[in-house]
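We did not get these values from a lab; they are worked out from the coordinates using the rules stated. Since this is a predicted model, take the numbers as computed values, not measurements. Positions of Cβ are backbone-derived with ideal geometry, glycine not excepted, and every protein chain shown enters the neighbour counts.
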Amino acid sequence: MFALREVLMRKAGRTPRRALRGSATGPGRASARTASAGLLAAALLITATTTAPPSYAGSPPSRSPSAGYRSPSTGPNQVYRYGYSLGFHPFTSPHDVREQLTGNFWLFPVRGDCPAVIHPADECELLGGNPVRVEAIGYDSLQIATLPGHDLGDGMHIRFTFARALALHCLVVSAWQDRPTPCSERTLCSAASRTGAWVLWRVLAETLSISAYVA
């Protein structure tokens, strides 16, 4: 009886339920598992590439306080911290950009009478007769400090750090001071100083975004 039923179903163009069940439990589930695995792998890849922070390889160089190096302050003595994009440079490292700046210091918008190639412990005057000292030059960073006679007062440290993430370069400028200065204690002067610094370092960033192509 069962064999007769199968023959009649085939003639009517129908497939026995057992055959349908067999075909559904094989390739169907395998393809579903493959699709799920592909989606999971894609999600993990996207997460890894979009959430990875920029590589700040230039952590503060290990120098003793007697050498004049100061680490960036995140406390009340921090004056500002600005970030700027330098554009897409897939074949240039942060070290290349830093090396280009310190080896061609005329790229600095207020170079003044500072030499074209600067080194740690160099002292010179920026534009307007503002004396500074080169405190440290790291793998991907440059740090200077203001000296007595500077318009902003002495004891201000400014660090320029270069970083890259997915071939996109950026410049982070951090400034902090050893102690309050006459300018920082006046609200108007302090605000004008921070605004002027933002504009000035933006000019530097725009300059480096072009020069980085040949770094």
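The table for this structure:
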{"quantity": "Estimated distance in nm for a label pair at Tyr80 and Leu166, the labels positioned 7 Å out from Cα along Cα-to-Cβ", "calculated": "2.8"}
{"quantity": "FRET E, pair Thr195, Ala121, Förster distance 22 Å, beta-carbon r, rounded to 0.05", "calculated": "0.10"}
{"quantity": "Chymotrypsin sites (Phe, Trp or Tyr not before Pro) within the range 81-130, DSSP loop, no more than 11 other Cβ atoms inside 10 Å", "calculated": "Phe91"}
{"quantity": "Debye log10 I(q)/I(0) for the range 127-215, one point scatterer per Cα, at q = 0.19 Å⁻¹", "calculated": "-0.97"}
{"quantity": "Two-site label geometry, Asn104 and Arg202: point separation in nm, points 7 Å out along Cα→Cβ", "calculated": "2.4"}
{"quantity": "Loop GluC sites (Glu not before Pro), the range 101-185, which have at most 12 other Cβ atoms in a 10 Å radius of their Cβ (DSSP)", "calculated": "Glu185"}
